[in-house]
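Working notes, beginning with the structure itself.
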Amino acid sequence: MTSHYNKNINGWIILDKPKDMSSNQVLRKIQYELHAKKAGHIGTLDPFATGVLPLAFGEATKLIPYLEGDRKTYEFELEFGTTTTTLDTEGEISATSDNIPTKEEIINILPQFSGKITQVPPKFSAIHINGKRAYELARLGVEVEIPKREVTIHSLNLKSYDQTSKKAKLEVTCSKGTYVRTLGQDIAITLNTVGYLTSLRRTKNGNFDLSHTILLDNLKNMLYKGDGDYFVLPVETFLCDITVIALTKTEALKLKNGQAIDCKGLNPDTKPIACCLENKLIALSEVKENKLLPIRVFNH
């Protein structure tokens, strides 16, 4: 019996993830439509969140560990005076407060959330606790202690604030592993009130940003017309932060066969190095004793 997933599709689709779908649901839906053999994604977004979700197909999946990127940028709306069990619109109201901050008060406390900070991930999160997802335990009513984690806030800015509606729009650039819902809660607590996120949108994920994205509905239309494959970006598209060197045909053949090639003058601390033949990625390699050794070989 022929498998449905029988096409060797290699490259990227950078999706503007819609609300109310998990990252994995979106990935599997597109993989099914493309009949792609292999697929993965970079950086999970909650169903509640929208924005940049890089999807890798075929040989591009080998690049995921190297392109995950430490920095992510989000825009979010934080409503003061109410909070929920999930710290977003999907939960039930769990607390309220009559204390609504002023714009000046918000601006004054934001520097407290700069640099390295400590967070406790929310109960409704995908973090593993004793082999189970935290949100699975939370839904069962199981009380667990979630360990603190250190994350880095590179920048945090107030974009606008309407005190009447109690809603603040903010933008944060942070390290991976940062929970923006928790950040919103902690901002509210510091202002002696409560708060929850009414929207969350990722605008940048490592080298990927909204300018690279396509909407799911647009992609579905392209797939329906039979030209969806044309929106798959080449494997090499996002090698921005990786050192790239050009190979000769002889060198390319050696790397493809797992053999080392000479590379005098290359810094051994540079990892990984993308080795290309005529702008096509042949291998990711590392330097050892003036030799270039393949780490991952690409067959596309």
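The values are calculated or read from the model by the stated rules, or taken from the named source; none is laboratory data. On a predicted model such as this, the values are computed, not experimentally measured, just so you know. Every residue, glycine among them, receives a Cβ derived from its backbone with ideal geometry; neighbour counts consider all protein chains shown.
Numbers for the structure displayed
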read-out: Boolean, residue 173 is at pLDDT 95 or above, surrounded by 15 or more Cβ atoms within 10 Å (Cβ to Cβ) and within 15 Å of the chain's Cα centre (by Cα); value: yes
read-out: Selection status of residue 116, under 21 Å from residue 195 (Cα atoms), modelled with pLDDT of 95 or more and out of contact with any Cys (no Cβ under 6 Å at 6 or more places or on another chain); value: no
read-out: Failed criterion for residue 68 (all others in (1) in contact with a His (Cβ under 9 Å, 6 or more places away or on another chain); (2) surrounded by fewer than 18 Cβ atoms within 10 Å (Cβ to Cβ) hold); value: (1)
read-out: Test: residue in the stretch 22-31 that is within 30 Å of residue 115 (Cβ to Cβ), in a strand (DSSP E or B) and in contact with a His (Cβ under 7 Å, 6 or more places away or on another chain); value: no
read-out: Unmet criterion (only one of (1) at pLDDT below 95; (2) touching a helix residue (DSSP H, G or I) at 6+ places or on another chain (Cβ under 6 Å)) for residue 76; value: (1)
read-out: Residue ranges of strands (runs of 3 or more DSSP E) in the stretch 181-300 with at least 2 members surrounded by fewer than 20 Cβ atoms within 10 Å (Cβ to Cβ) and either modelled with pLDDT under 95 or of a type in the set (A, V, I, L, M, F, W, C) (or both); value: 243-246, 273-277, 280-288, 291-297
read-out: Residue count for the stretch 44-63, restricted to those that are among the acidic types (Asp, Glu) and closer than 16 Å to residue 232 by Cα; value: 1
read-out: Qualifying residue in the stretch 39-54 (condition: among the charged types (D, E, K, R), in a helix (DSSP H, G or I) and crowded, with 19+ Cβ neighbours inside 10 Å); value: no
